[in-house]
Amino acid sequence: MNLYLRYFDNETLVTNVDDAISFLSSIDEIGMNAELEADIREYAASNVFYPKRYKVRQRIYFIIIKTTAETMKDFKEKKAVKPIEAEKMVRERTEGNISPVTRLGVIREGWYEGVLDFKRVVMVPATGKHEYRDTRFVARCKATSGQDCYNRIVSHLRSRVDNRSQFPSAKGKNFSFRYLGMWKS
């Protein structure tokens, strides 16, 4: 893992922490000390891939970015700046680990079971007033996707509960679904 460092117009791409500390020590304004050196070494050894910025004085910083780019030209052309995200996307495609939001839009006709937790407005008989109650609704329906399943459930409920009831987003944690299988023609 290489490190890209920049302080105003001074920039470099180094292959190890010692070179990075040497570069920063050559800039008088930064004021390299043992505490800063230890923090830079800790950042370089960690699994954190976010850029790190260090305050030199008020509103003045220098940055360090981890990269797999071999040359400054590769880094500037944004080659290999975010290898972790690319690896994660490949792993998700090969392992079939698709995010729940992405799964909503996958077209797959058949039977779905949808579970929706929503706020239902009900009247309290003792007081005659209305209140919100957490309600779980489970339904099996024919649908073409998880989003279609959600839309069918909400459409069904809207015609049967008080119109002040609140339905969560299909993308939230209060809706889940599973594919049960293809329907028979």
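The values are calculated or read from the model by the stated rules, or taken from the named source; none is laboratory data. All of these numbers come straight from a predicted model, not from anything done at the bench. All Cβ positions, even for glycine, are placed from backbone atoms using ideal geometry, and neighbour counts span all protein chains on display. For accessibility, only protein heavy atoms count, side chains too; no ligands or nucleic acids. Shrake-Rupley method; radii C 1.70, N 1.55, O 1.52, S 1.80 Å.
Tell me the residue from GLU131, GLU113, GLU109 that is loosely packed, with under 12 Cβ neighbours inside 10 Å and of a type outside the set (Gly, Ala, Ser), please. Answer to the selection: GLU131.
Being part of a strand (DSSP E or B), hydrophobic (A, V, I, L, M, F, W, C) and surrounded by fewer than 17 Cβ atoms within 10 Å (Cβ to Cβ): is that true of VAL101 here? The answer is no for VAL101.
The set of residues from the range 153-185 being within 12 Å of TRP111 (Cα to Cα) and open to solvent by 90 Å² or more (accessible area, probe 1.4 Å) comprises ARG178, MET182, LYS184.
Filtering the range 164-175 to residues that are assigned to a strand (DSSP E or B) and either in contact with an Asp or Glu (Cβ under 9 Å, 6 or more places away or on another chain) or within 14 Å of ASP148 (Cβ to Cβ) (or both) leaves only PHE175.
Yes/no per residue for (1) over 27 Å from the mean Cα position of the chain (by Cα); (2) of a type in the set (Gly, Ala, Ser):
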{"position": "CYS141", "(1), (2)": "yes, no"}
{"position": "SER145", "(1), (2)": "no, yes"}
{"position": "ARG158", "(1), (2)": "yes, no"}
{"position": "GLN166", "(1), (2)": "no, no"}
{"position": "LYS173", "(1), (2)": "no, no"}
{"position": "SER176", "(1), (2)": "no, yes"}
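Counting only strands (runs of 3 or more DSSP E) that sit wholly inside the range 1-85, those with at least 1 residues that are surrounded by 12 or more Cβ atoms within 10 Å (Cβ to Cβ) and basic (Lys, Arg) are 2-7, 52-57, 60-67.
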